[in-house]
Amino acid sequence: MLVSLPFGILVALALARGKFWGKSILNGIVHLPLILPPVVTGFILLVLFGRRGVIGAFLDQYLGIVLSFRWTGAALACGVMGFPLMVRSIRLSIEAVDAKLEEAAGTLGASPAFVFMTVTLPLILPGIIAGAILSFAKAMGEFGATITFVSNIPGETQTLSAAIYTFTQVPGGDAGALRLTIVAIIISMAALLASEFMAYMVGKRTRLE
Amino acid sequence: MTLTVEAKTRLGNFSLDVSFTSEQGVTALFGRSGSGKTSVIRMISGLSRLDQGRIALDGDVIVDTARGIHQPPHRRRFGYVFQEARLFPHLDVRKNLNYGRWFAPKNARPDNFDQIVELLGIGGLLDRRPGRLSGGEQQRVAIGRALLSSPRLLLMDEPLAALDESRKSEVLPYLERLRDELGLPIVYVSHSVAEVARLADRVVLMKDGRIEATGTASEVLRGLGGEMREAASVLSGTVEEVDQVHRLARVQTGAGALLVPAEQAQVGKTVRVLVPARDVMIATVKPEGLSALNILSGTVERIDADGEGMIGVRIICGSETVLARITAFSGGVLGLAPGQAVFAAIKTAALERR
């Protein structure tokens, strides 16, 4: 999620402000994981990033990175699944930023990069936080794509949902499943509270006080 | 410093073709809404591009389409005050004011924070958030923010248009001080005769994307003739006497002495008096028992009819020309003709001090 955040901001920026050929195609690709059955997404990832996949083979050969059946692959799958939610949220907040403020910053001598850092970014912070939390929540519940791409290896690629599922498949595993369920609820609740709190802090600064 | 602007641009059905220079002091771009004033100032700032033309400040060529030069707005260092304040909501007033200072080149960063804060009377607002300020306060902070970026030129796009009358009169004196104390060239966009008469040294009159006239405020405003409802004469003079009891100031102008509402007039100060043409009455004999305090004698120079039942009468009074706008009917009844000796009665309340 942390790795995907800069990409999310970048893509959201391109979608919100950019005018380029293929914008709707990019938009489609970004949103695809939201619509496609998760298993399909997982399979596509396997094809692309598997040891023999197009990108996977390249990464393995030149950078020594193997994603399939590793925790990094699980993270990738979760990131991809959460990506559309994050992009949507950030994009909406970028569209809500008054371009007139950015113009004003420009006339005050700020270059476009500085305008983004000092005006746009602080103003879209609530959107970024909301997007990050949504994507985190999605990653928590991620099951289909992960299990297809990196399988369900305890201690390596097992997500919370997958672990609960495993427990329920074993006789007498209900207690373990329940424990994990409580853990899931606590993490989710903490994440939501944290996002609310951060959004409140940001809003307090931005709004009329 | 001389700003040279030559620009041609098409915006949909609207074509813009202007060329003017702006020197030290305030140059007003004046005209009705939709005449292209804002487009011109946006091109100067770099927020809009022009199809063809050249913009230069002294020797620094900022835009030259023939040579493919187009400096981005942040390199131009032209302060811009917009119609609405456009303060950054996530920063307090002090940080808003300092925003442009980060980017100003080190050698062009005079330590004038306190001076400008004092000039604009915003010292008490520094730790507040923009959302909590009144419209007039916001606009003053926006002006301060533009000034503190140490601009080479200040562009103001109807900075008072979004304010109500009392807020306008709150901000206007600060604009006057700015003009008089900072010596920064200012391009001021406005459609208000009163503002232009009060602030501008030079006026560029625009209509339908073209320049109709350029000259001093009094030349251009008088040149509006009978055609514009807002036509006015601008008389400059010296305050001779202030009557605190009746709150009137006596101003000696080239057309004679005028009594003007005093506000805070100071004896000996040079002021401009705005006389809207529609507030001037004409009499062929010296009127008596009239509530209008100012009666000037002069001769009719020219009469222009606007074709809608009104006429503009130019009256030479001493070394000045006063414009009157009256109905063609009363002009006929009085038998007005060029060369005739007449009296111009001006309602005191109609006069505005600069």
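Counting only helices (runs of 4 or more DSSP H) wholly contained in the stretch A:108-209, the ones carrying 1 or more residues that are over 21 Å from B:LYS95 (Cβ atoms) occupy A:121-141, A:144-150, A:160-169, A:174-206.
If we only count strands (runs of 3 or more DSSP E) wholly inside the stretch B:31-87, which ones have 2 or more residues that are touching a residue at least 60 places away in the same chain (Cβ under 8 Å), open to solvent by less than 30 Å² (accessible area, probe 1.4 Å) and under 21 Å from B:LEU184 (Cβ atoms)? Reasoning before the result, please.
On the way: elements: B:52-57, B:60-64, B:78-81.
Filter on the stretch B:31-87 gives B:78-81.
Residues in the stretch A:49-78 that are of a type outside the set (Ser, Thr, Tyr), open to solvent by 60 Å² or more (accessible area, probe 1.4 Å) and not in a loop (DSSP other than H, G, I, E, B): 6 in all. Residues in the stretch B:203-224 that are more than 20 Å from B:ALA277 (Cα to Cα), assigned to a strand (DSSP E or B) and of a type in the set (D, E, K, R): B:LYS207, B:ARG210.
Only a single item in (1) over 24 Å from B:LEU199 (Cβ atoms); (2) at pLDDT 85 or above is not met by B:GLY59, and it is number (2). Looking across B:VAL273, B:VAL285, B:VAL245, one residue alone is surrounded by 14 or more Cβ atoms within 10 Å (Cβ to Cβ), out of contact with any Cys (no Cβ under 9 Å at 6 or more places or on another chain), at pLDDT 80 or above and not basic (Lys, Arg). It is B:VAL273.
Take the stretch A:91-107 and flag every residue that is assigned to a helix (DSSP H, G or I), more than 19 Å from the chain's Cα centre (by Cα) and more than 19 Å from B:ILE44 (Cβ to Cβ). Step through it out loud before you land on a result.
Within the stretch A:91-107, the subset assigned to a helix (DSSP H, G or I) is A:91-96, A:99-107.
With more than 19 Å from the chain's Cα centre (by Cα) added as a condition, the list becomes A:95-96, A:99-107.
A:GLU95, A:ALA96, A:ALA99, A:LEU101, listed by residue number.
Scanning the stretch B:134-152 for residues that are more than 20 Å from B:SER166 (Cα to Cα) and among the hydroxyl-bearing types (Ser, Thr, Tyr), we see that the one that is farthest from the other protein chains (Cβ to nearest Cβ) is B:SER150. Taken over the stretch B:311-330, residues that are of a type in the set (A, V, I, L, M, F, W, C), over 27 Å from B:SER236 (Cβ atoms) and assigned to a strand (DSSP E or B) amount to 0. Reported count of residues in the stretch B:146-177, each being modelled with pLDDT under 80 and not in a helix (DSSP H, G or I), is 3. Would you say B:GLU308 is out of contact with any strand residue (DSSP E or B) (no Cβ under 8 Å at 6 or more places or on another chain) and at pLDDT below 80? Judged against the criteria, B:GLU308 is a match.
For the structure I just gave you, tell me whether A:SER89 is in contact with a Cys (Cβ under 9 Å, 6 or more places away or on another chain) and surrounded by 18 or more Cβ atoms within 10 Å (Cβ to Cβ). In short, no.
Can you name every residue in the stretch B:254-270 that is over 11 Å from B:ILE346 (Cβ atoms) and either open to solvent by 70 Å² or more (accessible area, probe 1.4 Å) or part of a strand (DSSP E or B) (or both)? Step through it out loud before you land on a result.
First, pick out the residues of the stretch B:254-270 that are over 11 Å from B:ILE346 (Cβ atoms): B:254, B:257, B:261-270.
Scanning the stretch B:254-270 gives B:ALA257, B:PRO261, B:GLU263, B:GLN264, B:GLN266, B:VAL267, B:LYS269, B:THR270.
Within the stretch B:86-98, take every residue that is touching a helix residue (DSSP H, G or I) at 6+ places or on another chain (Cβ under 6 Å) and within 9 Å of another protein chain (Cβ to nearest Cβ) and give me the one that is nearest to B:VAL187 (Cα to Cα).
Keep residues of the stretch B:86-98 that are touching a helix residue (DSSP H, G or I) at 6+ places or on another chain (Cβ under 6 Å), which gives B:86-90, B:93, B:96-97.
Right, trim to within 9 Å of another protein chain (Cβ to nearest Cβ) and you get B:86-90.
Details: B:ARG86: 19, B:LEU87: 21, B:PHE88: 24, B:PRO89: 27, B:HIS90: 29 Å.
This residue is B:ARG86.
Here is a check on your reading of the model: is B:SER19 surrounded by 13 or more Cβ atoms within 10 Å (Cβ to Cβ), within 18 Å of the chain's Cα centre (by Cα) and more than 10 Å from chain A (Cβ to nearest Cβ)? In short, no.
For the stretch B:145-159, the set of residues classified as closer than 15 Å to B:GLY31 by Cα and aliphatic (A, V, I, L, M) consists of B:MET156 only.
Each row is one residue, and each column tells you yes or no for (1) more than 12 Å from chain B (Cβ to nearest Cβ); (2) under 20 Å from A:LEU85 (Cα atoms); (3) open to solvent by less than 30 Å² (accessible area, probe 1.4 Å).
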position: A:PHE116; (1), (2), (3): yes, no, no
position: A:VAL119; (1), (2), (3): no, no, yes
position: A:LEU123; (1), (2), (3): no, yes, no
position: A:LYS138; (1), (2), (3): yes, yes, no
position: A:GLU142; (1), (2), (3): yes, yes, yes
position: A:THR157; (1), (2), (3): yes, no, yes
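In the stretch B:328-350, the residue that is modelled with the highest pLDDT out of those that are of a type in the set (Val, Ile, Thr) and farther than 14 Å from B:LEU290 by Cα is B:VAL342. Evaluated against (1) modelled with pLDDT of 85 or more; (2) in contact with a Cys (Cβ under 6 Å, 6 or more places away or on another chain); (3) within 27 Å of B:ARG179 (Cα to Cα), B:GLN252 falls short on exactly one condition, (2). Entry remark, the stretch A:93-104: residues being more than 7 Å from chain B (Cβ to nearest Cβ) and either open to solvent by less than 10 Å² (accessible area, probe 1.4 Å) or in contact (Cβ under 8 Å) with a residue 60 or more places away in the chain (or both) number 2 in total.
Identify, please: which residue in the stretch B:110-131 is away from every other protein chain (no Cβ under 14 Å), in contact (Cβ under 8 Å) with a residue 24 or more places away in the chain and more than 14 Å from B:ARG94 (Cβ to Cβ) and is, among those, nearest to the chain's Cα centre (by Cα)? Within the stretch B:110-131, the match that is nearest to the chain's Cα centre (by Cα) is B:LEU119.
Screening the stretch A:144-155 for residues that are in contact (Cβ under 8 Å) with a residue 40 or more places away in the chain and open to solvent by 40 Å² or more (accessible area, probe 1.4 Å) and picking the one that is nearest to A:PRO33 (Cα to Cα) gives A:ILE147.
Residues that are of a type in the set (Phe, Trp, Tyr), out of contact with any Asp or Glu (no Cβ under 8 Å at 6 or more places or on another chain) and within 14 Å of chain B (Cβ to nearest Cβ) do occur in the stretch A:105-114.
Of all residues in the stretch B:99-109, which are in a helix (DSSP H, G or I) and more than 10 Å from every other protein chain (Cβ to nearest Cβ)?
First, pick out the residues of the stretch B:99-109 that are in a helix (DSSP H, G or I): B:99-102, B:106-108.
Within the stretch B:99-109, B:LYS106, B:ASN107, B:ALA108 meet the criteria.
Residues are listed down the side, and each one gets a yes or a no for (1) in contact with a strand residue (DSSP E or B) (Cβ under 6 Å, 6 or more places away or on another chain); (2) in contact (Cβ under 8 Å) with a residue 40 or more places away in the chain; (3) open to solvent by less than 40 Å² (accessible area, probe 1.4 Å):
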position	(1), (2), (3)
B:LEU160	no, no, yes
B:GLU170	no, no, no
B:PRO173	no, no, no
B:GLU176	no, yes, yes
B:ASP180	no, no, no
B:VAL193	yes, yes, yes
B:LEU199	yes, yes, yes
B:LEU205	yes, yes, yes
B:ILE211	yes, yes, no
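The values are calculated or read from the model by the stated rules, or taken from the named source; none is laboratory data. Here the structure is a predicted model, which is why all the values come from computation and not from measurement. Don't worry about glycine lacking a Cβ; one is built from the backbone with ideal geometry, like all the others, and counts go over all protein chains shown. Note: accessible area is taken over every heavy atom of the protein model, side chains too, but ligands, DNA and RNA are not part of it. Shrake-Rupley method; radii C 1.70, N 1.55, O 1.52, S 1.80 Å.
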